[in-house]
Amino acid sequence: ETLSLATKTDEPSSSSSSLLNEPAQRTCLALNAVLHANYAAILAIMPLRCADVWVTAGPLEIGALFSAVSAVGVFGGPLAGKMSDRHGRAPVVCAGLGLAALGGGGLAMADAVEPFTAAFFAWGFGVSVAGPALTALTNDVAPPARRGESLALSRTAADGALCVAPVALGLLADLAGSTAAPFAVCSLATAASVGFLGTRASDLPSNVKS
């Protein structure tokens, strides 16, 4: 059967109320904000942290490290998507955020190049794992006729985090040192993972909970 990309849904909206009134939608928005705060930390804080730990690193070494971590995501993303289809969204989202939290804590405590690099890879892999499963989750919990609206709201939450987090994390680094920002996103990711695990089962569809 051929699927036209121009096709739009003919199903009527199940409700004219705001999607923000639905607990599952608010959960997705919060998780997206936390995930993209981690992206912001990788972009804004990692060069500062790298300068503290890997003092001999130049632009080439820092750029190569970012490229290597991004390459991990090339493989981690598809694997995470397949695992979330097989085992449910919640375990994969929580595993990704938990790994990102572990990496963030490791980045804050690292005092040598080797643990710093290992923590950075853990952080990047965790973010790449959580991302696809979270996008699928956002699609799962949306009413069929409002999936575009739901994904747009999640994107807005992500963009909001990317607007605020770099400035906030940079200010935190200025006030409390370069270790404070990784600890902050570590705490955010931990809280999001634990909070999502505690989400009421009645708020989520069955393929999310499994």
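The values are calculated or read from the model by the stated rules, or taken from the named source; none is laboratory data. These numbers were taken from a predicted model, which means no experiment stands behind them. Reconstructed Cβ throughout: ideal geometry from the backbone, glycine too, with neighbour counts over all protein chains shown. With ligands, DNA and RNA removed, areas are computed over all heavy atoms of the protein, side chains included. Shrake-Rupley method; radii C 1.70, N 1.55, O 1.52, S 1.80 Å.
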Tabulate in residue order the Karplus-calculated ³J(HN,Hα) for region 29-36, using 6.51 cos²θ - 1.76 cosθ + 1.60 with θ = phi - 60°, rounded to whole Hz; enter x for Gly and Pro. 5, 5, 5, 5, 5, 5, 4, 7
Non-local residues with an amide H under 5 Å from the amide H of GLU22, with H modelled 1.01 Å from N and Pro and chain starts lacking one, are none
The chain: relative contact order in percent, alpha carbon pairs under 8 Å with at least 6 residues between: 36 percent
Could you give each residue of region 102-111 its phi-based ³J(HN,Hα) in whole Hz, using Karplus coefficients 6.51, -1.76, 1.60 with θ = phi - 60°, and x for Gly or Pro? 4, x, x, x, x, 5, 5, 8, 4, 10
Residues with beta-carbon under 11 Å from that of THR179, excluding THR179: net charge, scoring Lys, Arg +1 and Asp, Glu -1? -1
Whole angstrom only: what separates the Cα centroid of region 148-188 from the Cα centroid of region 96-119? 17 Å
Select from LEU162, LEU79, LEU151 the residue whose mean-square fluctuation is largest in a Gaussian network model of the chain (Cα-Cα springs shorter than 10 Å). LEU79
Calculate log10 I(q)/I(0) of the chain for q = 0.08, 0.11, 0.15, 0.19 Å⁻¹, where I(q) comes from the Debye formula with a single equal point scatterer on each Cα and nothing for solvent. -0.30, -0.55, -0.93, -1.32
Leaving ligands, DNA and RNA out of it, report the carbon-plus-sulfur percent of the accessible area of region 28-170 at a 1.4 Å probe. 71 percent
Magnitude of the Cβ-charge dipole (Lys and Arg +1, Asp and Glu -1) of region 31-179 about the Cα centre, nearest 20 debye, reported as 560 debye
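If contacts are Cα pairs under 8 angstrom and at least 6 residues apart, what is the relative contact order of region 107-204 in percent? Walk me through the numbers on the way to the answer.
Values: 31 pairs, mean separation 30.0, N = 98.
Contact order relative to length: 31 percent.
Can you give me the accessible area per residue for the chain, using a 1.4 Å probe, in Å²? Show your work: numbers first, answer last.
On the way: 10550 Å² over 210 residues.
In whole numbers, the chain has 50 Å² accessible per residue.
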